[in-house]
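Where a number appears in this text, it was derived from the coordinates with a stated rule and is not lab data. Everything numeric here is computed off the predicted structure, so don't read it as measured data. Because the Cβ atoms are built from the backbone with ideal geometry, glycine has one as well, and the counts that use them run over all protein chains shown.
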Amino acid sequence: MKKLVVFASGSGSNFQAIIDAVRQKKLNVEIAGLITNRDGIGAIERAIKNRIPVNVINETDEQLFKRKLADQLKKWQPDLIVLAGFLKKIPAEIVNDFPNKIINIHPALLPKFGGKGFYGLRVHEAVINSGEKTSGCTVHYVNNEYDRGQILEQKEVPVYSTDSPESLAKRVLKAEHELLPSVIKKLFTQTN
Ligand code: GRF
């Protein structure tokens, strides 16, 4: 069976969407483990609850961070790495070691509203301030530039004049939970 490793730094609702898709047999993959750079986050609780191994790699020393990451990935041997709200840049060596095997979900329609600093509510704030009538989410391959890898798929949602960054975030997140498992499924179907 194909193996997936998920990276997350937050609540892990996208991670949960993957777990649910596996449990409901919509996605025929094994989640080999969760890698996080933060302790005490929701994603870790979700992993424990679902008996998914967790490795917290929070070294501030970049070399050490990279080494620990590489060691863990060597053990887990993922066919695909999914960044689901991982708020740290993946070291270039790791990106190079996994060509077209790392994907990220971003809460806007890239190439707009992406890049360094565009995360969390800031993204939705920027979308609202720019007067866009449509937003959404993007799943893309990860390369060495923030949010600039090849776009795989997007899902749109409307932006209402009454939206706050929070209300828009909620609508986009719901779309993320549908898009991410479906893209993973497509990627595995293509390589099977
Ligand atoms: C999502 O909005 C995702 O697009 C972004 O970080 C957020 C993670 O949310 N990269 P969650 O932890 O999956 O709930």
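Dividing the helix sum by the residues of the chain, where each DSSP H run of 4 or more adds -39500 (n - 2.57), gives a mean residue ellipticity at 222 nm of -12500 deg cm²/dmol.
Taken over the range 2-190, the convex hull of the Cα atoms encloses 110 Å³ per residue. Helix 165-191 versus the longest principal axis of the chain: what angle, 0 to 90°, nearest 10, using Cα atoms? Roughly 50 degrees, rounded to the nearest 10. Is the shape of the range 1-85 rounded, prolate or oblate, going by the alpha carbon gyration tensor and its root eigenvalues a ≥ b ≥ c, with a/c under 1.5 for rounded and a/b larger than b/c for prolate? Taking the square roots of the gyration eigenvalues as a ≥ b ≥ c, the range 1-85 is oblate. Take every DSSP beta bridge whose two residues both sit in the chain; close to 40 percent of them are antiparallel. Positive end of the dipole of the chain (Cβ unit charges, origin at the Cα centre): among 22, 35, 184, the Cα lying farthest that way belongs to 22.
Among the GluC sites (Glu not before Pro) within the range 67-171, which fall in a DSSP loop and have no more than 12 other Cβ atoms within 10 Å of their own Cβ? The qualifying sites are 145.
Here the range 16-65 was treated as a single set of alpha-carbon atoms; its pair distances binned every 10 Å from 0 give 24, 46, 23, 7 percent.
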